[in-house]
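Below is one structure; the comments refer to it alone.
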Amino acid sequence: LSAAAGSAGGAGGAGGGGRFRDAVQRHDGAELRAANEAERLKAAEASRMQYMSGLSGVEAEIAAMQGELRDLLAENRLDEALDVGEALRHTVLSFFGEDHTVYASTMNNLGMVNKQLFNWDQAIEAYSEAVRVYRKAVGPRHANTLVAVENHAHAYKAMAEQRKGIDRNMLLDNARELFEEVLALKREVLGANNVQVGLTMQNLGAVLRALGGERASEATEMIEQGMQMVCDLLPANHVVVGTCLNNYALDLKRTGRFEEAEKAYLRALEIRRERLGKDHVDTLVTMHNLAELLHTQGLEKRAAAIQSEILAVVGYDEDEDGAAAESERIKELIDKSKEQ
């Protein structure tokens, strides 16, 4: 689970002198952090070079390609990342073979890249292969196996969101089976009361909600229990708590519990603004969700005010319709940022 968290700068002190001292302290702190980061990067590079020097020619080539792939993903250069990932797959396959954990890791990364590029069939195939290898090499209960299976489930769920009818339900059912498998194994390995268990409960609940039918009532219960578990185990302002509250609010809205949904969205928004900043895509997504909730209840003035806040951050052309522009910008931001 990756979750970036940052705190906003401190408030200025009373009076001009206080503000000046605060500004100097923030500046000095920034310089110190920059120096520390430079030292950390220098040490990391030295460690990497020492590691590389002890590898064989092919192993060094693989390590270099892995580093290049990480850099490309960090820069969101997905087409180039896919090319490097495919080249890495061929090299790893020829050197380690198809049953090695390095190959499994490579296929997991290829699944991630293809998912972000909306190459659904390739993503599903890559994740499936990663799961196969991890199960064989380290067993079904290993942490890497569980991560790969859950990634596989997320890919099915994301793919289902782009389909309709029978195809959609078949994909959702595949996701359900994998999430249920992961949940059972996490409970065995980590115990019934664990943050990772709570997160998987929310993921499974979301799939059950999308499937509807006889298990729809179970969906709400699972999402709420997962949220409560995470909230009980983590600090109240933890970024993951914000994510769980946002997911919970979405389900409350879908079941018509609007007042409870608004409270959950507002708390999620408070956490995300504090921990991620007002311009972060997750913060903007929660604002968008809250505006949609208010719109559903006919509270147009409040909804429009929130949409205006979002547009002030993401920008739009003056000749565009505000609500339509806000929704389109949020969609673009989500696409660029895609287990989470």
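Working note: Cα gyration tensor of the range 122-272, eigenvalues times five, square-rooted, sorted largest first, giving semi-axes of 26, 20, 13 Å.
A simple spin-label model places the labels of residue 228 and residue 86 5.0 nm from each other, with each point 7 Å out along Cα-to-Cβ.
Pairs from the table (136/186; 157/186; 164/263) lying more than 30 angstrom apart at Cα are 164/263. Each Lys or Arg adds one and each Asp or Glu takes one away; over the other residues whose Cβ falls under 12 Å from the Cβ of residue 273, this sums to -1.
Using heavy atoms of the protein chains and a probe of 1.4 Å, the accessible area assigned to residue 135 is about 90 Å². For the range 205-225 and the range 247-269, write down the distance between their C-alpha centroids in whole Å. For the range 205-225 versus the range 247-269, the Cα centre distance is 15 Å.
The values are calculated or read from the model by the stated rules, or taken from the named source; none is laboratory data. Note that the structure is a prediction, hence the values are computed from the model and not measured. Positions of Cβ are generated from backbone atoms using ideal geometry, with glycine treated the same way; all protein chains shown enter the neighbour counts. Each accessible area value is taken on the protein alone, full model and side chains, heavy atoms only, with ligands, DNA and RNA left out. Shrake-Rupley method; radii C 1.70, N 1.55, O 1.52, S 1.80 Å.
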